[in-house]
Amino acid sequence: MKFKELREIVCLANRKLGESGLVILTWGNVSGVDRERGVMAIKPSGVEYEQLTPESIVVLSLETGEVVEGDLRPSSDTPTHLLLYREFESIGGVVHTHSPYATAWAQACKEIPCLGTTHADYFYGTVPLTRMLTPEEIAENYELNTGKVIVECFRERNLNPSEMPAVLVPYHGVFVWGDDPMKALENAIVLEEVAKLALFTLALNPDVNPIPQPLLDKHFFRKHGPMAYYGQKRQNS
């Protein structure tokens, strides 16, 4: 396999997605990108997670979307993933799920407010909701247009994809990303947890205020950016 390492990590991330409890049946996918070689790898459409092998992962040209390695049909969400990689140059992995709590917020057409430090550790503020696609956008190039409304949402709100690695799509589900496929999966797991926490918090106190800005800043930037001090420094090999 020409893209052996990329296909292996994307396969592993998809198998772990299947084990994570975020998905049932085949309702989700993980992709990864190799920007130096100009390719993206993604789960094949409709294949059960436990049946995945590196050989079954599909590799496509990041520029054209054409399959360059693999015999199976790529995920139907491939156009969305491709557009996110093209527009958000800092990301290296994308996860799409219909995880129950986060998707409930998407189906309710509600953004997930930042109500505590668990949320603030990963997402710098409210997790946004895109606008609804028009009937014309749904009828033609649906998956590509899903990517376009995500990018539009981030551009119009001046959101940094590195600081807000998640988005809700109305009536649909969630897209989450990260530095690589495994980090994207971690962010998807955390998103589901904070969606649940927000639901429970609002059930207990519908009038609760969002997290104070100083506390949001402290928790997010102690883990992200040049002033981060949480965890251990990476050692040079």
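The values are calculated or read from the model by the stated rules, or taken from the named source; none is laboratory data. The structure displayed is predicted, hence computed values, not measured ones. Neighbour counts are summed over all protein chains in view; Cβ atoms, including those assigned to glycine, are modelled from backbone coordinates with ideal geometry. What goes into the accessible areas is simple: the full protein's heavy atoms, side chains included, and nothing from ligands, DNA or RNA. Shrake-Rupley method; radii C 1.70, N 1.55, O 1.52, S 1.80 Å.
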Q: Any residue in the stretch 223-235 that's outside any loop (DSSP other than H, G, I, E, B) and at pLDDT 65 or above: show its pairings with residues that are open to solvent by less than 100 Å² (accessible area, probe 1.4 Å) and of a type in the set (Phe, Trp, Tyr) at Cβ separation under 9 Å, as long as the two are six or more apart or on different chains.
A: none
**Q.** Single unsatisfied condition, Val167 versus (1) closer than 24 Å to Lys16 by Cβ; (2) surrounded by 17 or more Cβ atoms within 10 Å (Cβ to Cβ); (3) touching a residue at least 60 places away in the same chain (Cβ under 8 Å)
**A.** (3)
**Q.** Odd one out for Val208, checked against (1) over 30 Å from Asn145 (Cβ atoms); (2) open to solvent by 50 Å² or more (accessible area, probe 1.4 Å); (3) of a type in the set (A, V, I, L, M)
**A.** (2)
Q | Given (1) part of a loop (DSSP other than H, G, I, E, B); (2) under 28 Å from Phe3 (Cα atoms); (3) among the small types (Gly, Ala, Ser), index of the condition Gly147 fails | A | (1)
Q) Can you name the residue in the stretch 1-32 that is farther than 23 Å from Ser99 by Cα, touching a residue at least 60 places away in the same chain (Cβ under 8 Å) and among the hydrophobic types (A, V, I, L, M, F, W, C) and, of all such residues, is least open to solvent (accessible area, probe 1.4 Å)? A) Phe3
Q: Collect the residues in the stretch 54-71 that are over 20 Å from Thr97 (Cα atoms) and in a loop (DSSP other than H, G, I, E, B), keeping them in residue-number order.
A: Leu62, Glu63, Thr64, Gly65, Glu66, Gly70, Asp71
Q: Could you check Val95 against (1) open to solvent by 10 Å² or more (accessible area, probe 1.4 Å); (2) touching a helix residue (DSSP H, G or I) at 6+ places or on another chain (Cβ under 7 Å); (3) outside any loop (DSSP other than H, G, I, E, B); (4) in contact (Cβ under 8 Å) with a residue 40 or more places away in the chain and say which number it fails?
A: (1)
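Given the structure, is Gly125 within 30 Å of Lys218 (Cβ to Cβ), in contact with a helix residue (DSSP H, G or I) (Cβ under 8 Å, 6 or more places away or on another chain) and not β-branched (Val, Ile, Thr)? Quick ask: steps written out before the conclusion?
Working: within 30 Å of Lys218 (Cβ to Cβ): yes; in contact with a helix residue (DSSP H, G or I) (Cβ under 8 Å, 6 or more places away or on another chain): yes; not β-branched (Val, Ile, Thr): yes.
Against the criterion (within 30 Å of Lys218 (Cβ to Cβ), in contact with a helix residue (DSSP H, G or I) (Cβ under 8 Å, 6 or more places away or on another chain) and not β-branched (Val, Ile, Thr)), Gly125 qualifies.
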(Q) Yes or no: the stretch 100-117 includes at least one residue that is closer than 18 Å to Arg157 by Cβ, part of a helix (DSSP H, G or I) and open to solvent by less than 30 Å² (accessible area, probe 1.4 Å). (A) yes
(Q) Can you pull out every residue in the stretch 138-164 that is in contact with a Leu (Cβ under 9 Å, 6 or more places away or on another chain) and either without any contact (Cβ under 8 Å) to a residue 24 or more places away in the chain or crowded, with 22+ Cβ neighbours inside 10 Å (or both)? (A) Tyr142, Asn145, Thr146, Gly147, Val149, Ile150
Q) Since Glu55 meets every condition but one in (1) open to solvent by less than 60 Å² (accessible area, probe 1.4 Å); (2) farther than 14 Å from Gly93 by Cα, which condition does it not meet? A) (1)
Q. In the stretch 193-202, how many residues are out of contact with any Leu (no Cβ under 6 Å at 6 or more places or on another chain) and either open to solvent by less than 10 Å² (accessible area, probe 1.4 Å) or under 13 Å from Pro100 (Cα atoms) (or both)?
A. 6
